[in-house]
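Working notes, beginning with the structure itself.
The values are calculated or read from the model by the stated rules, or taken from the named source; none is laboratory data. Since this is a predicted model, take the numbers as computed values, not measurements. Cβ atoms come from the backbone with ideal geometry, glycine included; neighbour counts cover every protein chain shown. Remember, those area values only see protein heavy atoms, side chains included, never the ligands or the DNA or RNA. Shrake-Rupley method; radii C 1.70, N 1.55, O 1.52, S 1.80 Å.
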Amino acid sequence: MTPTPNAERTDRTTRIERLVRPALALCALLSAGSACAAEPYLYKHLARWPEFSSGDNKVSMYGTVDLGANWTKTEGAPASKTLQSGGDYTSKLGIYGREDLGGGLKAEFNLEASLKADTGTVTATQFWDRAAWVGLKSKDWGTLRLGNQLGATLPLFVDVFGVVTTNSVSYWLASAIVQKSAYTSGISSIGLNSDLGNGASQVTTRVPRAVSYQTPRVAGFDAKLMYATGANTTAFNKVYNKAVVTTYINGPWFAAASYNQVFGNNTVTGAAVRTDVTGLAGIYDAGDLVLSAAVNQNEVKITDGGKATVYSLGLIVPCGRHVWRVSAVYRDTSGVRNQTTKQEADSAALGLMAGYDYELSKSVGLYARAGLIRNFGASTVVFQNAQLPLQTGSTNAQLGIETQTAALGMYVHF
C-alpha cells in the first residue's frame, strides 16, 4: 500500500516529538551543567595525529585499536549481540611522513588502512583504503595532493561522533544507506541514495585517484578543489568526482560550505548519472561546550530524480576526563517514487544518538553509545548494517521500521 503523505506526516510529527523531547532535555541539562573552561576541544584532539603536529623531517607510525560490545535490535527481527570494531574511532594503522625541502616547501605522504579489531583482518579489498597519497605543502602557495585522500566535503568533525561507520546516525542518514524496496531502483540489497533514482550516488569520505589543491588560509578563509576520474569504475577516463569546499576559522567559530558533483551509472542503460551534493555547516567550540549544525542536500540530475535534505544538530560537553555527546539527524526527501506505479510517496527518517566517553589518558578511553533510527513513509534506511525485515512473500523491506543500538567499548591510540 502506498504511504499517503498527509496521514504519514501527521503521524511522523507525533512520533518525532515523542523521540526528540528526551534528547532536548538531555542537551539542556548537559549545557547548563558545563563549567569546565578549556582550549578549543576539536583542534586539541586533531593535534594528536602526526599530520597536524609540529616538526619536520619525520616519519611516524600511528593508529587506533577500538573494540566494544554492541547490541542492535531492528523492529520485527531478532536482536544481535557482537563484538564490534570501531565503535568510537575507526580501528586503523597509518604511516605519515614529512620532509622540509627548504624555502617553506614540505613534502608529505600518508598511507592508512582500516582494520577490524575483532578479527585482525582488513576491512576492504585494497589495504590502504583510508589514505594513499603524496603531496607538497607550502604556507605561501597552498597544498597539492595526489592519490586516495579525504574528499572536498564538510569536515568529519562536523558530526560530534566523527561520521564513524558504526555509532553515528549522521553516517547512516547523510550517506543514505537504504535497503531495497518498491521505492528504490538499481540495487539488489543496499545502496546509497537509491531511493532517489537509478544511478544515484553519494560522495565517499575518501576519494581514490584524486587530485586536490588547497589554498593558503587568508583572513580566516581557505578553499580546496578536487577532481577524480574512474574512482568507482574501470573506465578511468570517466569523471567520478568534481568538488570544492571552503572553510572559515575565527576563534571559537568554524564554518564550511561544499559542493560536489559525483557520478554513478544507471544499471539498466549504463548511462552516467550525476548527483549534486551540497553542504553547509557551522560550529561553535568554546572548549567546554561544542555546538554544531549542518545541512546537506543530495539531488539526482535525471528526469523524475529525487532530492534528499539532511539536517544535523550536535552537542559535545567535555569536562576533565568526561565527555558527553548528543546528535539528532533528520533526512527528508521529495521525488521518492514507487518503481511500478511511479507515484510519489512521503519518505523521511530520524536518527538520535547519545554518547559518553571517559578518557583514561590522552590516548586511552572508554565509551558508551545508544541510539536509534526511525523510518517514516517509504524510507528504508538501515542502521549498524542490521537488515530490515522483509515484506511477506517479497524481497522488499518493510516500511516504517525502527532500529535501536547500544555499545560499550574501549579505544587505544598509538
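Using just the helices of the chain, give the 222 nm mean residue ellipticity in deg cm²/dmol: DSSP H runs with n ≥ 4 each add -39,500 (n - 2.57), and the total is spread over all residues, rounded to 500. Provide the component values of the computation, followed by the final result.
Values: 3 runs with 40 residues, N = 414.
Calculated from helices alone, the mean residue ellipticity at 222 nm is -3000 deg cm²/dmol.
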request  = Could you work out which residue, out of GLN343, GLN202, GLN384, moves most in a Gaussian network model of the chain, that is, has the largest mean-square fluctuation with Cα springs under 10 Å?
outcome  = GLN343
key: Karplus (6.51, -1.76, 1.60) ³J(HN,Hα), θ = phi - 60°, over the stretch 136-143, in Hz, Gly and Pro reported as x   = 10, 10, 9, 4, 8, 10, x, 10
message = Using the Cα atoms of the stretch 47-204, I'd like the radius of gyration and the largest Cα-Cα distance, Dmax, both in angstrom.
response = 19.0, 64
ask   = Restricting attention to the stretch 287-327, which trypsin sites (Lys or Arg not before Pro) occupy a DSSP loop and are surrounded by at most 12 other Cβ atoms within 10 Å?
value = ARG321
request  = Would you mind telling me which residue in GLN126, GLN297, GLN179 has the biggest mean-square fluctuation in a Gaussian network model of the chain, where springs connect alpha carbons within a distance under 10 angstrom?
outcome  = GLN126
inquiry  = Just to make sure I understand: if all protein chains stay in place, what is the order of THR267, THR74, THR90 by accessible area at 1.4 Å, largest first?
reply    = THR267, THR90, THR74
note = Under the Karplus relation with 6.51, -1.76 and 1.60 and θ = phi - 60°, whole-Hz ³J(HN,Hα) for the stretch 364-373, x at Gly and Pro, equal 10, x, 10, 8, 10, 9, 8, x, 7, 10
message = Under 5 Å between amide hydrogens, which residues at least 5 positions from ASP129 or on another chain qualify, with H placed 1.01 Å from N in the peptide plane?
response = SER114
remark   = Taking the alpha-carbon centre of each part, the distance from the stretch 310-363 to the stretch 180-219 in Å is 18
Residues of type lysines that LYS92 reaches as a straight line, Cα spacing below 30 Å, ignoring anything fewer than 8 places off in the same chain = LYS44, LYS58, LYS73, LYS81, LYS106, LYS116, LYS137, LYS139, LYS224, LYS242, LYS362
inquiry  = Here are labelled values, (i) 59, 54, 51; (ii) 67, 54, 43; (iii) 62, 61, 46, and one is the computed Cα extents along the principal axes in Å for what I pasted. Which one?
reply    = (ii)
inquiry  = How would the stretch 249-332 be classified by its alpha-carbon gyration tensor: rounded, prolate or oblate, with rounded meaning a/c under 1.5 and the a/b versus b/c comparison settling the rest?
reply    = prolate
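What's the carbon and sulfur percent of the chain's accessible surface, probe 1.4 angstrom, rounded to a whole number? Display every interim value, and only then the final one.
Working: 11240 of 18670 Å².
Of all accessible area on the chain, carbon and sulfur atoms account for 60 percent.
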ask   = Anyone know which of ALA69, ALA348, ALA308 comes out most mobile in the 10 Å Cα GNM of the chain?
value = ALA69
ask   = Which trypsin sites (Lys or Arg not before Pro) does the stretch 119-162 hold that lie in a coil by DSSP with at most 16 other beta carbons within 10 Å?
value = LYS139
key: the chain: angle of helix 5-32 to the longest principal axis, Cα-based, in degrees nearest 10   = 30
request  = Quick one: what are the phi-derived ³J(HN,Hα) couplings along the stretch 252-264, Karplus 6.51/-1.76/1.60 with θ = phi - 60°, whole Hz, x for glycine and proline?
outcome  = x, 9, 9, 9, 8, 9, 9, 9, 10, 10, 10, 10, x
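How do THR119, THR246 rank by accessible surface area computed with a 1.4 Å probe, from largest to smallest? Intermediate values should be presented prior to the final figure.
On the way: THR119 85, THR246 55 Å².
Heavy-atom accessible area, descending, gives THR119, THR246.
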